Amino acid sequence: MNIEFENINLIKQLVDDMQLLKQSLINQNNKRWMSVKELCSYLTFGKDKIYKMVNVQFIEGIHYFKKENRLLFDKEKIDEWVLNESSNKLDIQETKTIIDDILSSL
């Protein structure tokens, strides 16, 4: 295989670009707070599904927070939810029911 001398510099540039991409992916995965769009991509769900989950399954102050008319999702809590979804369904629904009962009694 013959590699022209001019192309050797291109190889170094390609390696540098690949390292930048790798670091970018690492930083993206370490990000704690996600927008609706980022959560859609992360869970491979549509926006409608995410908003339904906000209303039915996720608990404000645990899974997400409202800041300046935006929803910010806690990646750590979302990961916990994904890993424990089946066991958490009842717990979350029961918690929401208890909270609704307390709020309606006020």
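The values are calculated or read from the model by the stated rules, or taken from the named source; none is laboratory data. If you're wondering where the values come from, they're calculated on a predicted model, not measured in any experiment. All Cβ positions, even for glycine, are placed from backbone atoms using ideal geometry, and neighbour counts span all protein chains on display.
Numbers at a glance
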{"quantity": "Filter result for L20 (of a type in the set (A, V, I, L, M) and under 30 Å from T95 (Cα atoms))", "calculated": "no"}
{"quantity": "Condition met for V82 (over 14 Å from the mean Cα position of the chain (by Cα), surrounded by 10 or more Cβ atoms within 10 Å (Cβ to Cβ) and either modelled with pLDDT of 90 or more or not small (G, A, S) (or both))", "calculated": "no"}
{"quantity": "Count of residues meeting criterion [part of a loop (DSSP other than H, G, I, E, B) and more than 14 Å from the chain's Cα centre (by Cα)] in region 58-76", "calculated": "4"}
{"quantity": "Test for V56: is it loosely packed, with under 12 Cβ neighbours inside 10 Å, assigned by TED's automatic domain parsing to the domain that holds I99 and not acidic (D, E)", "calculated": "yes"}
{"quantity": "Residues within region 9-47 that are within 30 Å of E60 (Cβ to Cβ), of a type in the set (D, E, K, R) and outside any loop (DSSP other than H, G, I, E, B), tallied", "calculated": "3"}
